[in-house]
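Here's the structure we're looking at; comments come further down.
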Amino acid sequence: MSIFHTYDIRGIYKKEITIETAQQIAEAVATMFKKGTVVISYDGRHGAEELANAVREVFEKKGDVFTIHFTGLATTPMFSYLINSLKAVGGIMVTASHNPPEYTGFKVYGRNAVTISGTEVEKYIQK
C-alpha cells in the first residue's frame, strides 16, 4: 500500500516514513513550488521534529530560492494561518492527524493554504 493518499502522505514511522522519505518529499515539494516563502511545522508525534528538521535542511540548501519560516511545534490551524499571513507559496506540516500513534506523515499545502494531495506530490518524487 502506498503512503501517498488523496489528502496527505502517511505511514508507519521508521518503517514507511523515514528521514529519507522526508527528504524526498521536501525535494518534490521544492520542485512543485519552484521559489518563494515556505512554512514548515510539526505536531507532537514521535519523530515529527526530526522529520521536520530533515524537510527544513532540504529547503535550506535551496536558500537562494526559498525563504523558510520554521515554526517548530504548531497546530494545523496555526500552520495554515502562517501560510496565508506570510503569503507563502505553501508549506509542509509533519503530522498524522487522527491516525494511531505509530503513524506519522505530511500535509502539503499550497498558496492560500489549499491542500495538495499526496498523490500529486508523488508525481514529483525522483525515482
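The string of couplings for the range 75-84 from the Karplus curve (6.51, -1.76, 1.60, θ = phi - 60°) is 8, 4, x, 5, 4, 4, 4, 5, 4, 6 Hz, one whole number per residue in order, with x for Gly and Pro. Based on a Kirkwood Rh over C-alpha pairs, give the Stokes-Einstein translational diffusion coefficient of the range 39-99 at 4 °C and viscosity 1.567 mPa s in µm²/s. Taking Rh from Cα pairs, D becomes 111 µm²/s. From the alpha carbon centroid of the range 1-74 to that of the range 78-95 is 12 Å. Annotation for T75 and I12: the two label points, set 7 Å from Cα along the Cα-Cβ direction, are 3.2 nm apart. From the list (i) 20, 16, 14; (ii) 23, 18, 13; (iii) 27, 18, 14, can you say which value of semi-axes √(5λ) of the Cα gyration tensor in Å was derived from the structure given? This structure yields the entry labelled (i).
For the chain, with all protein chains present and a 1.4 Å probe, just round the carbon and sulfur fraction of the accessible area to a whole percent. Of the solvent-accessible surface of the chain, carbon and sulfur hold 51 percent. Across the range 32-38, rounded Karplus estimates of 3J(HN,Hα) from the backbone phi angles (6.51 cos²θ - 1.76 cosθ + 1.60, θ = phi - 60°) give 5, 7, 6, 6, x, 8, 10 Hz, Gly and Pro being marked x. From the residues V55, V39, T18, which one has its Cα farthest along the dipole of the range 1-110 in the positive direction, the dipole being from +1 and -1 charges on Cβ of Lys/Arg and Asp/Glu about the Cα centre? Value computed over the given set: V39.
Per residue, the solvent-accessible area of the chain (1.4 Å probe, heavy atoms of protein chains only, all protein chains present) comes to 52 Å².
Exceedance of the 20 Å cut-off in Cα-Cα distance is limited, within the set K15/K62; K15/K35; K61/K123; K34/K107; K34/K62; K15/K61, to K15/K62; K15/K35; K61/K123; K15/K61. In degrees between 0 and 90, to the nearest 10, how far off the longest principal axis of the chain does helix 48-60 point, with axes built from Cα atoms? Here the helix axis deviates by roughly 40 degrees.
The values are calculated or read from the model by the stated rules, or taken from the named source; none is laboratory data. None of these values were measured; they are calculated from a predicted model. All Cβ positions, glycine included, derive from the backbone under ideal geometry; neighbour counts span all protein chains shown. Remember, those area values only see protein heavy atoms, side chains included, never the ligands or the DNA or RNA. Shrake-Rupley method; radii C 1.70, N 1.55, O 1.52, S 1.80 Å.
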